[in-house]
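Engineer: Here it is, the structure in full.
The values are calculated or read from the model by the stated rules, or taken from the named source; none is laboratory data. Just so it is clear, the structure is predicted and the values come from calculations on it, not from any experiment. With ideal geometry, Cβ positions are generated from the backbone for all residues, glycine too; neighbour counts draw on all protein chains shown.
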């Protein structure tokens, strides 16, 4: 699953150990409670708690940590990444942006060259808790965001492109409806950020994700 960092009110491209990744203020939650068993619902797409749990466990496994080491921060960031991917995919579809496998392969080769070879590349992404099988998804997301910036704010500086993509995603999130189960946090619609649940304690507790 593409990794998305929660930063300031800008949608930027960042780099983590040689891999271009999205850095965005995208969060999840909403009014009401999504369908039972769902961690989040974005438009007509549903992310089950079982799917979220599987993603969290994959990250822990890649980091060499036991399954019991999940935390609110990890769970929230993982869910955030899943939601962001759905929103970017939907926006790219509306703007008729299509990413080819050839484009993904070309950018992957650039990342491998920057890392100093395939082995170094795979080692670096594994240290970040990113599965090899997820790299193409990360690359695809980066290409989508780059092309969205060109479409939404052509002939402008990178910051203007980033701001245009961020604004379009906030509007899209509100338009199609973005909800998370209250147990995973609260939704700030203006900043698109995930905050703690209204009834949470000052010291966050790990969330025991259940299955569907």
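Engineer: How many residues, within the range 164-190, are within 16 Å of residue 84 (Cβ to Cβ), at pLDDT below 85 and surrounded by fewer than 16 Cβ atoms within 10 Å (Cβ to Cβ)?
Structural biologist: Residues meeting the conditions: 2.
Engineer: Are any residues in the range 69-97 surrounded by 21 or more Cβ atoms within 10 Å (Cβ to Cβ) and closer than 16 Å to residue 128 by Cα, and if so, which ones?
Structural biologist: Within the range 69-97, 75, 78, 81 meet the criteria.
Engineer: Being part of a helix (DSSP H, G or I), without any contact (Cβ under 8 Å) to a residue 24 or more places away in the chain and farther than 24 Å from residue 40 by Cβ is the filter here; which residues of the range 146-176 pass it? Write out each step before concluding.
Structural biologist: First pass over the range 146-176, keeping only residues part of a helix (DSSP H, G or I): 146-152, 158-176.
Narrowing the set further to residues that are without any contact (Cβ under 8 Å) to a residue 24 or more places away in the chain leaves 149-150, 160-161, 164, 167, 170-171, 174-175.
Within the range 146-176, 149, 150, 160, 161, 164 meet the criteria.
Engineer: Right, another one. Do we find that residue 54 is under 17 Å from the mean Cα position of the chain (by Cα), under 19 Å from residue 134 (Cα atoms), at pLDDT 85 or above and surrounded by fewer than 20 Cβ atoms within 10 Å (Cβ to Cβ) in this structure? Give the steps one after another, and end with the answer.
Structural biologist: Values: under 17 Å from the mean Cα position of the chain (by Cα): yes; under 19 Å from residue 134 (Cα atoms): yes; at pLDDT 85 or above: yes; surrounded by fewer than 20 Cβ atoms within 10 Å (Cβ to Cβ): yes.
For residue 54, the condition - under 17 Å from the mean Cα position of the chain (by Cα), under 19 Å from residue 134 (Cα atoms), at pLDDT 85 or above and surrounded by fewer than 20 Cβ atoms within 10 Å (Cβ to Cβ) - is met.
Engineer: Out of all the residues in the range 137-163, which are more than 21 Å from residue 103 (Cβ to Cβ) and surrounded by 15 or more Cβ atoms within 10 Å (Cβ to Cβ)? Walk me through how you get there before you give the answer.
Structural biologist: We begin by selecting, within the range 137-163, every residue more than 21 Å from residue 103 (Cβ to Cβ); these are 155-157, 159-160, 163.
Within the range 137-163, 163 is the sole residue that qualifies.
Engineer: Restricting attention to the range 58-68, and to residues there that are surrounded by 13 or more Cβ atoms within 10 Å (Cβ to Cβ) and free of Cβ contacts under 8 Å to residues at least 12 places away in the same chain, which single residue is farthest from residue 134 (Cα to Cα)?
Structural biologist: To start, the set of residues in the range 58-68 that are surrounded by 13 or more Cβ atoms within 10 Å (Cβ to Cβ) comprises 58-63, 65.
Those still in the list that are free of Cβ contacts under 8 Å to residues at least 12 places away in the same chain too: 61, 65.
On the way: 61: 14, 65: 19 Å.
The extreme case among them is 65.
The rows are residues; the columns are (1) at pLDDT 85 or above; (2) within 16 Å of residue 173 (Cα to Cα).
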| residue | (1), (2) |
| --- | --- |
| 11 | no, yes |
| 28 | no, yes |
| 40 | yes, yes |
| 43 | yes, yes |
| 70 | no, no |
| 99 | yes, no |
| 111 | yes, no |
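Engineer: Select from the range 113-136 the residues that are surrounded by fewer than 18 Cβ atoms within 10 Å (Cβ to Cβ) and touching a helix residue (DSSP H, G or I) at 6+ places or on another chain (Cβ under 7 Å) and list them in ascending order.
Structural biologist: Once the filter is applied, which keeps residues that are surrounded by fewer than 18 Cβ atoms within 10 Å (Cβ to Cβ) and touching a helix residue (DSSP H, G or I) at 6+ places or on another chain (Cβ under 7 Å), the range 113-136 yields 118, 122, 126, 131, 132, 136.
Engineer: Select from the range 103-112 the residues that are in contact with a helix residue (DSSP H, G or I) (Cβ under 9 Å, 6 or more places away or on another chain) and without any contact (Cβ under 8 Å) to a residue 24 or more places away in the chain and write down the one among them that is surrounded by the fewest Cβ atoms within 10 Å (Cβ to Cβ).
Structural biologist: The selected residue is 105.
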